[in-house]
Amino acid sequence: MSAEVLTEWLTDDSGYCFRTSGPLLDFQSEYQRVRIYQSPRFGKLLRLDDCFMTSEKDEFFYHENIVHPAAITHPSLRRVLVIGGGDGGACEEILKHPGVEKVVLAELDPAVVDVSKQHLTSIHRNVFDDPRFELRIGDGAAFVRETEQRFD
């Protein structure tokens, strides 16, 4: 494993760079290039198709902000659907809300879930084992069209 500097492009002419110790895991799934890196700044981080998805040390910026504003405005949150989010971070945040009985994660790529279970425990905090959690592998839009389940 050799050191590597990654660039995350924000626009065509600007971005930011960070140092990693090189990929801990690097493979092509059926859908995308999946990489896990270790970095001093971010801890373990997940990149899909060379785009930064989440990391151990700053995942809260993303997961908390996409979950809690919507969750606290709902008068009676009980059943929640997350489409994408195979790292489990959003589901973990949803289950912090009292009254949530079930969260269903519809994730296209099972490799993202598998890698997250193995390498990103500090992000999902074992949400995959919570009895209120249900995983559906497949296309999220197809799941919405075909399911008889209803969500808040």
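The values are calculated or read from the model by the stated rules, or taken from the named source; none is laboratory data. Quick caveat: nothing in here was measured; it's all calculated off a predicted structure. We place every Cβ from the backbone using ideal geometry, glycine too, and count neighbours over all the protein chains shown. Side chains included, ligands, DNA and RNA excluded: accessible areas come from the protein's heavy atoms. Shrake-Rupley method; radii C 1.70, N 1.55, O 1.52, S 1.80 Å.
Quick look at the numbers
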read-out	value
Accessible surface ranking that places the most exposed of 91, 17, 51 first, with a 1.4 angstrom probe	17, 51, 91
Heavy atoms of residue 80 accessible to a 1.4 Å probe, total area in Å² rounded to 10	20 Å²
Average Cα contact separation per residue, the chain, under 8 Å, 6 or more apart, as relative contact order %	16 percent
Accessible area of residue 16 in the full protein assembly, 1.4 Å probe (Å², nearest 10)	80 Å²
137, 94, 72, reordered so the largest accessible area comes first (probe 1.4 Å)	72, 137, 94
Heavy-atom accessible area ranking, 1.4 Å probe, most first, across 130, 152	152, 130
Per residue accessible area in Å² of the chain, where ligands, DNA and RNA are left out and the probe is 1.4 Å	55 Å²
Cα-projected label distance for residue 136 with residue 50, points at 7 Å along beta-carbon direction, nm	3.4 nm
Built amide H within the under 5 Å cut-off of residue 22, gap 5+	4, 38
With DNA, RNA and ligands ignored, accessible area of residue 117 (1.4 Å probe; Å², nearest 10)	100 Å²
Rounded to 10°, Cα long-axis angle of helix 59-73 versus longest principal axis of the chain	20 degrees
Relative contact order of segment 72-152, pairs being alpha-carbon contacts under 8 Å that are 6 or more residues apart, as %	36 percent
Carbon plus sulfur fraction of accessible area for segment 88-146, probe 1.4 Å, in percent	49 percent
Environment charge at residue 136 (Cβ cut-off 11 Å; Lys +1, Arg +1, Asp -1, Glu -1)	-4
Using alpha-carbon coordinates, inclination of helix 110-119 to the longest axis of the chain, degrees	70 degrees
